[in-house]
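One structure below.
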Amino acid sequence: MTSPILATEGLTVRFGGHVAVDAVSCAFHTGELTAIVGPNGAGKTTYFNLISGQIPASAGRVLLRGRDISGQSVSQRTRAGIGRAFQLTNLFPNLSVLENVRLVVQSKAGQGMNLWSMASRHAELTEAAEAILTRVRLIDNRDQTVSELSHGNQRKLEVALLIALDPTVYMFDEPTAGMSVDEAPVVLDLIAELKEQRDRTILLVEHKMDVIRTLADRIIVLHNGALAADGDPATVMASDVVQEAYMGRELEDV
């Protein structure tokens, strides 16, 4: 197998006497969608926070393309290729949907963040932003102020901003949480499209087992901050210890 794009080695964080993530070592490869599951309080979001840089590790390392990025800030990790949707949620809530996406496209193109002078002179930036909004079914909301969007449309905008950022590693933390039955498939379809391209690495924290069955190439299970299982979906979900201790109720519901 090729070298991993992203890896964690002994990644640990302690809050006082509590170990929230306990020496987790995992490698993630290009073209792979890994679902991270476990009971509430298992350390899933904290593990995400350690990878994306929201909180510093007490021990261990985060490696991107084999390079230790543990000392880098959130913005440095984002520029290096780690994209997490919620990092961009409140970019400019008082600007329009189109302006928010256009700013990310503009920044990614290395043209700075001067919305009024740069974007007005470069129609291609607007066209690129509109293409992304079409993908996420928000083109009809292009002129709406972000703060006025429904919760579901805000979640779709998060995905639009992440697509505009074009990271090497996509990190989705319960991307359909709070969305209606009608809205959620749009985001899941977008994640499926990204997976089909097979040129990115996708990490997904999700509680819905039917979503995981459909999307995941691999499942890792966290429990009390430690890695409890790691493997293909069929093997992990069939494991007695995983079903009984970590996912029994959800699997019975499905």
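The values are calculated or read from the model by the stated rules, or taken from the named source; none is laboratory data. Keep in mind that what you see is a predicted model, and the values were worked out from it rather than measured. Neighbour counts are summed over all protein chains in view; Cβ atoms, including those assigned to glycine, are modelled from backbone coordinates with ideal geometry. Ligands, DNA and RNA are stripped out before the accessible areas are found, and what is left, the full protein with its side chains, is counted by its heavy atoms. Shrake-Rupley method; radii C 1.70, N 1.55, O 1.52, S 1.80 Å.
Checked against (1) surrounded by 16 or more Cβ atoms within 10 Å (Cβ to Cβ); (2) in a helix (DSSP H, G or I); (3) modelled with pLDDT of 90 or more, residue 171 passes all but a single condition, namely (2).
Give segment 82-110 a look and list any residue that's among the basic types (Lys, Arg) and at pLDDT 90 or above, or say none. Please lay out each step first, then the result.
Of segment 82-110, the ones among the basic types (Lys, Arg) are 84, 102, 108.
Selection gives 102 alone.
From the residues in segment 115-143 that are over 25 Å from the mean Cα position of the chain (by Cα) and open to solvent by less than 80 Å² (accessible area, probe 1.4 Å), which one is modelled with the lowest pLDDT? Out of the qualifying residues, it is 119.
Would you be able to say whether some residue in segment 152-161 is free of Cβ contacts under 8 Å to residues at least 40 places away in the same chain, surrounded by fewer than 14 Cβ atoms within 10 Å (Cβ to Cβ) and either at negative phi or outside any loop (DSSP other than H, G, I, E, B) (or both)? No - not one qualifying residue is present in segment 152-161. Considering only segment 204-225, I want to know if a residue exists there that is of a type in the set (Lys, Arg) and either at positive phi or open to solvent by less than 10 Å² (accessible area, probe 1.4 Å) (or both). No, segment 204-225 contains no residue that is of a type in the set (Lys, Arg) and either at positive phi or open to solvent by less than 10 Å² (accessible area, probe 1.4 Å) (or both).
Check whether at least one residue in segment 182-203 is at pLDDT below 85, open to solvent by 50 Å² or more (accessible area, probe 1.4 Å), within 30 Å of residue 129 (Cα to Cα) and in contact with a helix residue (DSSP H, G or I) (Cβ under 9 Å, 6 or more places away or on another chain), and report yes or no. Yes, the conditions are met somewhere in segment 182-203. Here residue 44 passes the criteria (1) farther than 23 Å from residue 76 by Cα; (2) touching a Leu at 6+ places or on another chain (Cβ under 7 Å) except the one numbered (1).
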